[in-house]
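Since the structure comes first, as C-alpha cells, the remarks are kept for the end.
The values are calculated or read from the model by the stated rules, or taken from the named source; none is laboratory data. What you see is a predicted model; the values in this text were computed from it and never measured. Because the Cβ atoms are built from the backbone with ideal geometry, glycine has one as well, and the counts that use them run over all protein chains shown.
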C-alpha cells in the first residue's frame, strides 16, 4: 500500500515562487531568522493538527508525540514517527508508522520481532495477530495524512506571510537608518 504524496505545486502560485526567490536572495542571517520564525509557528500548528486526528493511545505515541517540522528555503517538511524513544514493548515509532497510519488486515500475522520484557530480558515474538492493535486498512491514512491535507494550505500561507513580514521589517529598518 503506497503512501500518497501531498505536495503543493509551486508553479501554480506566483506568491510561493516569489517567496522562494526572496529567500534565496536574502542575507544568510535574515533567511535563518525567517526560517526559525516559520518553524516555531508551523511546528505548533502541525502538532495540534496531528493530535486532533489521533484516536488511540498507540496513534498518539507513534504519530502525534513524534510530529516535527523541518523548514528550508525551498520547502516545509511535515514529519511524523521519525524520532522518538522506543515504546514499552521495544518497537520504535518508525517501525510501526505504516500499520498505525494505514491500518492492517484483520487476522493477519506479523513477522517475528524482538521484544523486551519489563525486567529487561529480550525475547522473540512469533506470529502475533495484529487485529487488536491496529485499525482496518485505509489507503488515505487516518491521522497524519488527514492532518496534512488540512494544514498544508495554512503552512503555505504562513510561509509567504512570514517571509514578506521579515522583508518588510528589514526594509523599514533600512529606511529609518
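Does residue 40 satisfy being exposed (fewer than 15 other Cβ atoms within 10 Å of the Cβ), within 23 Å of residue 154 (Cα to Cα) and modelled with pLDDT under 90? Against the criterion (exposed (fewer than 15 other Cβ atoms within 10 Å of the Cβ), within 23 Å of residue 154 (Cα to Cα) and modelled with pLDDT under 90), residue 40 does not qualify. Among all residues of segment 108-121, there is none that is on the phi < 0 side of the Ramachandran plot, touching a residue at least 60 places away in the same chain (Cβ under 8 Å) and surrounded by 15 or more Cβ atoms within 10 Å (Cβ to Cβ). On the stretch given as segment 78-88, residues that are at pLDDT 90 or above and in contact with a strand residue (DSSP E or B) (Cβ under 7 Å, 6 or more places away or on another chain) total 2.
Does residue 66 satisfy being in contact with a helix residue (DSSP H, G or I) (Cβ under 6 Å, 6 or more places away or on another chain), in contact (Cβ under 8 Å) with a residue 12 or more places away in the chain and either outside any loop (DSSP other than H, G, I, E, B) or on the phi > 0 side of the Ramachandran plot (or both)?
On the way: in contact with a helix residue (DSSP H, G or I) (Cβ under 6 Å, 6 or more places away or on another chain): yes; in contact (Cβ under 8 Å) with a residue 12 or more places away in the chain: yes; either outside any loop (DSSP other than H, G, I, E, B) or on the phi > 0 side of the Ramachandran plot (or both): no.
The answer is no for residue 66.
Search segment 1-21 for residues that are within 20 Å of residue 150 (Cα to Cα) and pair each with any residue that is surrounded by fewer than 13 Cβ atoms within 10 Å (Cβ to Cβ) and modelled with pLDDT of 75 or more when their beta-carbon atoms are under 8 Å apart and the residues are at least 6 apart or on different chains. Hits for this filter: 4/139; 4/140; 10/17. Among the conditions (1) crowded, with 20+ Cβ neighbours inside 10 Å; (2) modelled with pLDDT of 90 or more, residue 152 misses just one, which is (1).
Here residue 77 passes the criteria (1) loosely packed, with under 15 Cβ neighbours inside 10 Å; (2) not in a strand (DSSP E or B) except the one numbered (2).
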